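Structure first, commentary second.
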């Protein structure tokens with residue numbers, strides 16, 4: 001059993017050394033000069049029309065956070081579906097309750113107008 005851990009440690013050590021070698025070799029082999037064209041702002045082929053550090057509306061952040069919340073909660077469905085045949089009724093109804101709470105939260109956000117893009 002200790003041999004398995006030693007092999008995992010060797011693999012981790014090998015990957016770490018290889019990553020460090022490749023990281024530092026990329027700095028030694030690349031031609032690094034910054035010209036004005038390379039460091040200029042590029043915005044979809046157009047010259048930038050405004051300050052790049054302007055404030056975003058809060059709506060962008062709200063939509064992003066809601067997407068992350070609902071997307072991560074949906075990920076919990078995959079292991080549940082795979083273990084559904086070996087699960088007891090408690091596990092099944094726990095997930096049904098979880099989906100119910102998720103749906104209520106989604107409907108609440110919808111009625112509050114957080115998902116509307118004006």
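The values are calculated or read from the model by the stated rules, or taken from the named source; none is laboratory data. Model, not experiment: these values are computed from the prediction. Cβ: placed from backbone, ideal geometry, glycine included. Neighbour counts: every protein chain shown.
Give me the pairs, please: first residue somewhere in region 86-110 and under 18 Å from residue 72 (Cβ atoms), second residue anywhere and part of a loop (DSSP other than H, G, I, E, B) and modelled with pLDDT under 90, beta-carbon distance under 8 Å, and either six or more positions apart or on two chains.
Taking only residues 6 or more apart or on different chains, the pairs are 95/76; 98/76; 109/115.
Any idea which of 92, 76, 98 is surrounded by 10 or more Cβ atoms within 10 Å (Cβ to Cβ), at pLDDT below 85 and in contact with a helix residue (DSSP H, G or I) (Cβ under 9 Å, 6 or more places away or on another chain)?
76 is the lone residue from the list that is surrounded by 10 or more Cβ atoms within 10 Å (Cβ to Cβ), at pLDDT below 85 and in contact with a helix residue (DSSP H, G or I) (Cβ under 9 Å, 6 or more places away or on another chain).
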